[in-house]
1. Hey, any hits in the stretch A:73-85 for a residue that's under 13 Å from the mean Cα position of the chain (by Cα), facing chain B (nearest Cβ under 8 Å) and in a helix (DSSP H, G or I)?
2. Need the failing condition index for residue B:29 against (1) in contact (Cβ under 8 Å) with a residue 40 or more places away in the chain; (2) crowded, with 18+ Cβ neighbours inside 10 Å; (3) farther than 14 Å from residue B:116 by Cβ, just the number.
3. What residue, among those in the stretch A:86-112 that are closer than 24 Å to residue A:11 by Cβ and in a loop (DSSP other than H, G, I, E, B), is nearest to the other protein chains (Cβ to nearest Cβ)?
4. Which condition does residue A:78 not pass, out of (1) closer than 30 Å to residue B:53 by Cα; (2) in contact with a strand residue (DSSP E or B) (Cβ under 8 Å, 6 or more places away or on another chain), if it passes all the others?
5. Mind checking which residues of the stretch B:102-137 are assigned to a loop (DSSP other than H, G, I, E, B), more than 9 Å from chain A (Cβ to nearest Cβ) and modelled with pLDDT under 90?
6. Using the structure shown, decide if residue A:52 is outside any helix (DSSP H, G or I), at pLDDT 95 or above, within 14 Å of another protein chain (Cβ to nearest Cβ) and touching a helix residue (DSSP H, G or I) at 6+ places or on another chain (Cβ under 7 Å).
7. Looking at (1) under 11 Å from the mean Cα position of the chain (by Cα); (2) at pLDDT below 95; (3) surrounded by fewer than 19 Cβ atoms within 10 Å (Cβ to Cβ), which is the only condition residue B:51 fails?
8. Does the stretch A:14-49 hold any residues that are closer than 24 Å to residue B:118 by Cα and touching a residue at least 40 places away in the same chain (Cβ under 8 Å), and which are they?
């Protein structure tokens with residue numbers, strides 16, 4: 001399955017909804033979208049992972065990279081993820097401590 | 001015991017196929033394994049295959065296949081990923097900082113092996129002169145019949 005992203009704006013944040021599989025084959029495509037958005041001035045990003053079918057360590061690396069890039073540009077990155085099988089990877093690697101997983105886009109935009 | 005073996009070209013585009021085959025093979029030959037455990041195994045196998053493909057790229061042996069072998073036994077499922085790269089020593093990998101350490105976010109790579117170690121019940125890395133074999137084992141629950 002291919003990776004597909006949708007970009008929208010909610011409350012001043014740029015929401016990137018990811019569909020499909022994020023692995024070594026597709027992560028560069030996601031990275032490119034996120035780099036482009038930050039480069040265009042959209043450094044306040046919400047990454048919605050609730051439609052993702054598969055994510056591996058390369059996907060986690062892409063998220064870390066985007067978070068650092070957003071913060072370097074004065075923004076931030078927030079993650080929406082309620083799928084236990086995806087959330088588990090953030091928990092195993094401890095990334096959920098640095099990057100809390102939020103239940104929906106509204107919570108992410110509100111900074112809840 | 002049932003054995004399902006797949007050879008893939010050392011290209012990331014084939015990772016998705018590996019996951020499909022592992023899913024189908026174990027789903028049909030190892031009934032009773034929970035979807036969550038099957039997901040864990042698929043992630044671990046995908047990580048091992050990603051490393052194998054990277055090893056082939058590093059050793060410029062892209063024409064040699066990566067072998068994925070699923071062995072389904074009554075009490076466990078074993079998946080071996082055999083590459084023909086240069087091999088590596090997993091014990092020499094840098095340890096990740098603690099989750100609460102701000103330096104944790106410096107690590108964009110190196111997450112695959114810790115994931116494999118957590119997701120599988122047993123993991124073994126067997127380096128050889130002509131590549132590495134990663135063995136991932138997930139235990140099967142006892143069947144009640």
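1. Within the stretch A:73-85, not a single residue is under 13 Å from the mean Cα position of the chain (by Cα), facing chain B (nearest Cβ under 8 Å) and in a helix (DSSP H, G or I).
2. It is condition (2) that residue B:29 fails.
3. Selected residue: A:99.
4. (1)
5. Step one: filter the stretch B:102-137 for residues assigned to a loop (DSSP other than H, G, I, E, B), giving B:107-111, B:120-121, B:129-130.
Next cut, more than 9 Å from chain A (Cβ to nearest Cβ) only: B:120-121, B:129-130.
Those that are assigned to a loop (DSSP other than H, G, I, E, B), more than 9 Å from chain A (Cβ to nearest Cβ) and modelled with pLDDT under 90: B:129, B:130.
6. Working: outside any helix (DSSP H, G or I): yes; at pLDDT 95 or above: yes; within 14 Å of another protein chain (Cβ to nearest Cβ): yes; touching a helix residue (DSSP H, G or I) at 6+ places or on another chain (Cβ under 7 Å): yes.
Yes: the conditions hold for residue A:52.
7. (3)
8. Answer for the stretch A:14-49, where residues must be closer than 24 Å to residue B:118 by Cα and touching a residue at least 40 places away in the same chain (Cβ under 8 Å): just A:22.
The values are calculated or read from the model by the stated rules, or taken from the named source; none is laboratory data. Nothing here was measured: the structure is a model prediction, and the numbers come from that model. Don't worry about glycine lacking a Cβ; one is built from the backbone with ideal geometry, like all the others, and counts go over all protein chains shown.
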